[in-house]
Amino acid sequence: MKAKLIFQESGFRRLLAGAVMAVASFAVLGTVAVLWENPFFIRMTPVGGWEVSLLTLLSFLGGLYVVIRRPFCSNGTVGVGGVLGFLGVACPVCNKILLLAFGSELLLTYFEPIRIYVAALGVLIAAWAVFHEWRQWDVAPAI
């Protein structure tokens, strides 16, 4: 019932923006993380079974957040979830920032085994931000 009300009040432009955000984030982050072969990037570690699923869920949550968000509320929370989700699905050795900060040996020894849990944590944080915005909708609907 609440979902129907939120989507009716959001309007077509906001629904379209959410759909575009979900599709674009899936395509861009999946290409950069090399979850599928592409001519732009090369992945140096194999893709596991959960990366595409977690990226799909993260993209869906990002699109849903665009639809239901209120200005300046939980933006940092959903941003942290997005960054953690991306770091979890991306190749740790291919990420130049992580590679320069920690070195390849440390990344492969300590980060690679927990990488999928980092992605899951990112999805959980993004889901919490969406849930928080969903709960607050009655208090302050989107403008």
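Number of residues in the stretch 76-95 that are modelled with pLDDT of 90 or more and touching a Leu at 6+ places or on another chain (Cβ under 6 Å): the value is 4.
Residues in the stretch 39-75 that are modelled with pLDDT under 90, touching a helix residue (DSSP H, G or I) at 6+ places or on another chain (Cβ under 8 Å) and not in a helix (DSSP H, G or I): 8 in all.
Kindly establish whether Thr109 is among the polar types (S, T, N, Q), surrounded by 15 or more Cβ atoms within 10 Å (Cβ to Cβ) and more than 24 Å from Trp36 (Cβ to Cβ). Taking the combined requirement at face value, the residue does not satisfy it. Criterion applied to Leu57, Leu107 was being under 27 Å from Gly11 (Cα atoms) and out of contact with any Ser or Thr (no Cβ under 8 Å at 6 or more places or on another chain), and the one residue passing it is Leu57. What about Ala27, is it assigned to a helix (DSSP H, G or I), among the hydrophobic types (A, V, I, L, M, F, W, C) and surrounded by fewer than 15 Cβ atoms within 10 Å (Cβ to Cβ)? Yes. Against the numbered list (1) surrounded by 12 or more Cβ atoms within 10 Å (Cβ to Cβ); (2) under 18 Å from Ala129 (Cα atoms); (3) at pLDDT below 90, Gly11 comes up short only at (2).
Between Pro113, Pro92, the distinction of being out of contact with any Cys (no Cβ under 8 Å at 6 or more places or on another chain), under 26 Å from Phe60 (Cα atoms) and not in a helix (DSSP H, G or I) belongs to Pro92 only. Closer than 16 Å to Ala126 by Cα, touching a residue at least 40 places away in the same chain (Cβ under 8 Å) and either part of a loop (DSSP other than H, G, I, E, B) or under 11 Å from the mean Cα position of the chain (by Cα) (or both), is that true of Leu35? For Leu35, the condition - closer than 16 Å to Ala126 by Cα, touching a residue at least 40 places away in the same chain (Cβ under 8 Å) and either part of a loop (DSSP other than H, G, I, E, B) or under 11 Å from the mean Cα position of the chain (by Cα) (or both) - is not met.
The values are calculated or read from the model by the stated rules, or taken from the named source; none is laboratory data. Everything numeric in this text was worked out from a predicted model, so none of it was measured. Using ideal geometry, Cβ is built from the backbone for each residue, glycine included, and neighbour counts are taken over all protein chains shown.
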